Amino acid sequence: MRGLQVERLRERVHAVPDFPSPGILFRDITPLLADAGAFGLCIDALAAPWQGAGVEAVCGIESRGFIFGAALAQRLGVGFVPLRKPGKLPPPLVEVEYQLEYGHDRLQAREGALVDGARTLIVDDVLATGGTLTAAHELVTRLGARTVGAGVVIELDALGGRARWPEDIPLHALLHY
């Protein structure tokens, strides 16, 4: 992505201090989503590394990963699979429990949501500590598919989430903070 394109996206991500709690600097993507041109540019940039890579499915992580993942799947001409928090999907389910900074959470998908061996791309809005993205990779594996890469709109470099991601699987971030 060219410098002017990066700046156009960066201008539409607003910093909100002390949200959701004191000391946190929240990166609000709402203005980016509200700008059709910037959103389209974002989806184009997320798709670029994967054009011609044989991606067969896109998995988006609840909830903002659904926004980017569904649009990306459409752009790549493949299906979309939502990776959900507990209580949102009927059984039978496959799930992964993972560690959060304070506690645990789970990701779930419908059993059979991915074809065995499907070349799958995982998408989310933000990579922070890496727990959720890594859990999504584990879930894709448990579903019998193969993670060929991941894409995020924002990577919070200081939180070190990339270090938790498998080194042999490409991970692309559009914006770094």
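Within the stretch 107-121, the set of residues being in a strand (DSSP E or B) and buried (at least 17 other Cβ atoms within 10 Å of the Cβ) comprises L107, Q108, A109, R119, T120, L121. Just need a number here: residues in the stretch 133-144 that are under 25 Å from D44 (Cβ atoms) and in contact with an Asp or Glu (Cβ under 7 Å, 6 or more places away or on another chain). Adding up the residues that qualify gives 1.
For D124, the conditions (1) touching a residue at least 60 places away in the same chain (Cβ under 8 Å); (2) surrounded by fewer than 18 Cβ atoms within 10 Å (Cβ to Cβ) are fulfilled apart from (2). Filter the stretch 55-85 down to the residues that are of a type outside the set (A, V, I, L, M) and assigned to a strand (DSSP E or B), then identify the one that is surrounded by the most Cβ atoms within 10 Å (Cβ to Cβ). Across the stretch 55-85, the extreme among qualifying residues is C59. Annotation note: Cβ proximity below 6 Å between a residue of the stretch 87-102 that is under 20 Å from L133 (Cβ atoms) and a residue that is of a type outside the set (S, T, N, Q) and assigned to a loop (DSSP other than H, G, I, E, B) (sequence gap 6+ or interchain) occurs for V94/E111; V94/L143.
Within the stretch 45-72, residues that are at pLDDT 95 or above have Cβ atoms under 7 Å from residues that are assigned to a loop (DSSP other than H, G, I, E, B) and among the β-branched types (V, I, T) in these pairs: V55/V78; E56/V78; A57/V78; V58/V78; R64/I29, counting only partners at least 6 apart in sequence or on another chain. When you check H104 against the structure, is it part of a helix (DSSP H, G or I) and either more than 19 Å from I29 (Cβ to Cβ) or of a type in the set (G, A, S) (or both), yes or no? In short, no. Checking L174, L133 one by one, the residue that is at pLDDT 95 or above and in a strand (DSSP E or B) is L174 and no other.
Filtered by the rule that a residue be of a type outside the set (S, T, Y) and closer than 17 Å to L107 by Cβ, the stretch 31-66 gives A57, V58, C59, G60, I61, E62, R64, G65, F66. The C-beta contact set for the stretch 138-159 (first residue basic (K, R), second residue assigned to a helix (DSSP H, G or I), distance under 9 angstrom, 6+ apart or interchain) comprises R146/V140.
The values are calculated or read from the model by the stated rules, or taken from the named source; none is laboratory data. This is a predicted model, so every value here is computed, not measured. Ideal geometry is used to build each Cβ from the backbone, glycine not excepted, and the neighbour counts take in all protein chains shown.
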